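The values are calculated or read from the model by the stated rules, or taken from the named source; none is laboratory data. The structure displayed is predicted, hence computed values, not measured ones. FYI the Cβ positions are ideal-geometry reconstructions off the backbone, even for glycines, and counts take in every protein chain you see. Keep in mind that these areas ignore ligands, DNA and RNA; they rest on the heavy atoms of the full protein, side chains included. Shrake-Rupley method; radii C 1.70, N 1.55, O 1.52, S 1.80 Å.
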Amino acid sequence: MLRPLSLLLVLAGCGLPLTVADKAPRVVDHPADSAQDGDEQVVLDFASPAFARLTTAQYRNLLDDLLGPVPAVELQADTNPYLFSTIGAATAPLSEQGVELLEQGIATITASVFADPERREALVGCVPAAPGDACGAAYLARFGRRAWRRPLDPDELALWTAVAEGLADGDPWQGLQAATAGLLQSPTALYRVELGMPHPDDPDDRLLTDFEIATRMALLLWNRPPDEALLDAAADGRLASAEGRAAEAARMLADERARGAIEAFFVEYLDLNRLDRAAPDPAVYPAFTPALQAAMRAEVLLLVDDLVNRRDTDVRQLFFEKRAYVNSLLAEHYGLTVEGASGVAYVPVDLPEDGPRAGILGLGAFLTMNAHAVTTSPTLRGKYIVERVLCATVPPPPDDVETTLSEGGDAAATLRERLDQHREDPACNGCHQLMDPPGYLFEHFDAVGAWRDTEDGHPIDASGSLAGVELAGSGDLGRALADNPAVGACMVKQLFRHAHARLDADADAATLDQLTADFVASGHRFRALLAAVVAHESFVRLGPPAAPETETETDAGGDR
């Protein structure tokens, strides 16, 4: 019997690679989509076609959509270079162990489905009378269209029908199970295949096919594969135009599945998973419990959901909104009295306009995940503001720089004072002068985000600055961010990276400017930004295929 893994390797030999390398972008001049002057030229970067894997979450959603609830199986873990797992999936190969895990997992999943007579009949839609019959062929055509996000051509359908017949061993259900497992392990299922077709006006460029566009849209807006309606829109040619994509995006954003995709984006954009790794010293912070940690995470996601889905309002308020969602644990942690809050019930509470907490930057999640086990970290908190909120770059420290703070003399009683001494070293000052001043604004919050008036009995100086503007404390920071255009532009850039599974290049500046202008015009509504990204030419246009590479270079590191 030909095992599913063998099928995978056979199909990979037919021109679909199992791994993918970074593709170098090509820079060309094209008219601006939104140019006021028809003769104006802008520089756009159209990336070469690539085979980005589905992320683990996207692949699990594919299995769930096609097969219903399935056993939890181990798959190759995602990596998130430059924040996003989509970029990791475009640069990190499927390892040999990953292929083995996939084979084992799909074998377990398909066995569980086809062992249940009711479930397999519901999946196939008929009862096959013999291996390779019309019932099985119709099922493989339908299932293949969903698994591969495009119709199987006649030769492909004939191949998989032959596979089902050849591996049946007299049992048509066994043959269909083997073919189902093979379809799910094929590179066409595992990868976001984007070969494109020649551009009618520029033979050097390519356009995504309608079915490739459907996959891109579904993975961005739903974090899962296209549904039948989106595949039908692709088959009808409705995704070729910006207007057609915008219409489908409106339908998809109204669907509950969009909420999950939006939440997944913000978890990565805000680096919220770092909170799960936070480990404050229990001897110093005994009130910090797993329940409080979980509540901190839930609070951030509730605020995101409120701004993006419930009110569909200016999403930049994420960083300066005077509102929190607290349960009883958080209310006690923040020193609030909130009626109706309990261990499981979260209640929206308006924070004082002149208070120190504003947006997620005043909440326990941000303050805890950017601190050390015992002490706060103005450096980590300031770095988060500079890089994550404003998309500015903090240069890495020199290799030989000493990063451990000295205890300082008698005059250096607080962490701030020791950091100020540290910055006197010219090798340290270049980085710390960017990070520390905004980080100082949070020094009234301890390592788990609770308010404190003193540090080891010494008065706290929580003054600081952002981009050269002096601020009195964290409350001032919220007001400064509300007026800073870099906040919205940074959010556009991060969504662009997530959607395109790559870092932006210098030549993307014009595209990002167009999308930022659309974002501003929409009142900084995130759902409108998603629709604008999908409608933009850069979402569907590709550069020419890159030359074959002999080796795959990957960056499986963390955020940069």
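Taking θ as phi - 60° and the Karplus parameters 6.51, -1.76 and 1.60, the scalar couplings of region 107-113 work out to 4, 5, 5, 5, 5, 5, 6 Hz in sequence order, x denoting glycine and proline.
Projecting the Cα positions of SER85, ILE106, SER95 onto the charge dipole of region 59-108 (unit charges on Cβ atoms of Lys, Arg, Asp and Glu, taken about the Cα centre) puts SER85 furthest along the positive direction.
Of the peptides 523-531, 286-294, how do they stack up when ordered by the mean number of other Cβ atoms within 10 Å, highest first?
The packing order, highest mean first, is 523-531, 286-294.
Separation of region 134-195 and region 437-493, taken as the distance between their Cα centroids, equals 56 angstrom. Judged by the mean number of other Cβ atoms found within 10 Å, the most tightly packed of the peptides 470-477, 436-443, 196-203 leads the ranking 436-443, 470-477, 196-203.
Taking θ as phi - 60° and the Karplus parameters 6.51, -1.76 and 1.60, the scalar couplings of region 375-382 work out to 10, 6, 9, x, 5, 5, 5, x Hz in sequence order, x denoting glycine and proline.
Rounded if a/c is under 1.5, else prolate if a/b beats b/c, else oblate: with a ≥ b ≥ c from the C-alpha gyration tensor eigenvalues square-rooted, which is region 174-253? Could the numbers behind the result be given before it?
Details: a/c = 2.45, a/b = 1.43, b/c = 1.71.
Because a/c hits 1.5 or more and a/b fails to exceed b/c, region 174-253 counts as oblate.
Which of rounded, prolate, oblate describes region 307-374, given a ≥ b ≥ c as roots of the alpha-carbon gyration tensor eigenvalues and a/c under 1.5 marking rounded, otherwise prolate only if a/b is larger than b/c?
Numbers: a/c = 1.59, a/b = 1.09, b/c = 1.46.
Here region 307-374 falls in the oblate category.
Rank LEU329, LEU302, VAL315 by how far each Cα sits towards the positive end of the charge dipole of region 226-332 (+1 on Lys, Arg Cβ; -1 on Asp, Glu Cβ) and give me just the farthest. Among LEU329, LEU302, VAL315, the one farthest towards the positive end of the dipole of region 226-332 is LEU329.
Under the rule a/c < 1.5 gives rounded, and otherwise a/b versus b/c splits prolate from oblate, where does region 264-342 land using the Cα gyration tensor? Present the calculation step by step, with values, prior to reporting the outcome.
Working: a/c = 2.47, a/b = 1.36, b/c = 1.82.
Since a/c reaches 1.5 but b/c is at least a/b, the shape of region 264-342 is classed as oblate.
Rounded to the nearest percent, how much of the accessible area of region 60-107 (1.4 Å probe, protein heavy atoms only) is carbon and sulfur?
50
Under the combined filter of DSSP loop state and at most 12 neighbouring Cβ atoms within 10 Å, region 177-260 retains these GluC sites (Glu not before Pro): GLU256.
Taken as Cα centroids, region 257-312 and region 77-132 sit 29 Å apart, rounded to the nearest whole angstrom. Solvent-accessible surface of region 498-545, taken per residue with a 1.4 Å probe and all protein chains present: 31 Å². Amide H contacts for LEU207 (H built 1.01 Å from N in the peptide plane; partners 5 or more residues away or on another chain; cut-off under 5 Å): MET197, HIS199, LEU542. Around the amide H of TYR191, modelled in the peptide plane, lie the amide H atoms of LEU54, all under 5 Å away and 5 or more residues distant in sequence or on another chain. Using Cβ point charges alone (K and R +1, D and E -1), the dipole size of region 183-342 about the Cα centre works out to roughly 520 debye.
So how do 329-340, 314-325 stack up, highest first, on mean other-Cβ count within 10 Å? If you can, show how the numbers build up before the last one.
Values: 329-340: 15.7, 314-325: 21.6.
Averaged packing, sorted descending, gives the order 314-325, 329-340.
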